[in-house]
Amino acid sequence: MEKINVGCRFTLSVMSDNFIDIILGALNEVDMSKVQRKTDRVSTFIEGTAKDVFEVVQAVYKSAGKSGKHIVLNATFSTGQHEEYFEERKRKIKPKENMSSNQQLCASFPVSTQFSLYPLDTPHYVDIIKSGIGAVKQQGVFAETVPFATALEGDVDKVFASLYECFMKSVQQARVVMTVNMSAHSPSSKR
């Protein structure tokens with residue numbers, strides 16, 4: 001099931017005067033050879049297998065997060081084909097040389113996250129959502145259910161693993177869209 005096609009559009013917001021360097025540095029540091037990518041002035045869209053897409057988004061976020069600045073990720077993951085977006089990019093991209101694994105790119109740090117799961121074209125959407133949240137609860141990062149979202153707290157790697165587990169469990173039952181809002185190094189968490 002990990003070979004399903006997934007797309008993700010994400011935006012990084014960095015609360016720092018040098019936000020451009022942090023964002024572009026993260027996008028350039030991460031090996032994206034296993035996904036297709038298009039970055040515009042607002043966001044980045046990537047597409048590939050579910051495993052590769054989640055790993056790349058995680059690596060980009062961790063790379064930007066190593067700045068220690070307050071950083072927020074807004075991401076939308078979706079199953080399906082998005083090939084029309086990449087008409088000009090059919091060639092295989094070589095991995096960056098001397099690049100360590102994206103998983104080993106940066107140290108972990110704590111994050112606060114809210115995510116929402118939207119199963120499409122099914123009358124049993126509530127059951128799929130409950131099943132996805134159940135998968136997250138087993139990972140030990142569940143914080144609470146809030147209006148229109150589920151809150152997670154914990155290590156960035158554990159949270160991303162939980163989101164991936166939830167997404168993969170859900171796509172076995174329906175086409176799914178998942179939105180994620182993740183915050184690290186927030187000054188409000190120090191109050």
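Only the coordinates and a few stated rules stand behind these numbers; no lab work does. What you see is a predicted model; the values in this text were computed from it and never measured. All Cβ positions, glycine included, derive from the backbone under ideal geometry; neighbour counts span all protein chains shown.
Structural remarks
- Mean Cβ count within 10 Å, highest first, over the residues of peptides 117-124, 20-27, 3-10, 71-78: 71-78, 3-10, 20-27, 117-124
- Residues listed by number, the stretch 1-20, amide nitrogen under 17 Å from ARG175 label point at 7 Å toward C-beta: 4-9
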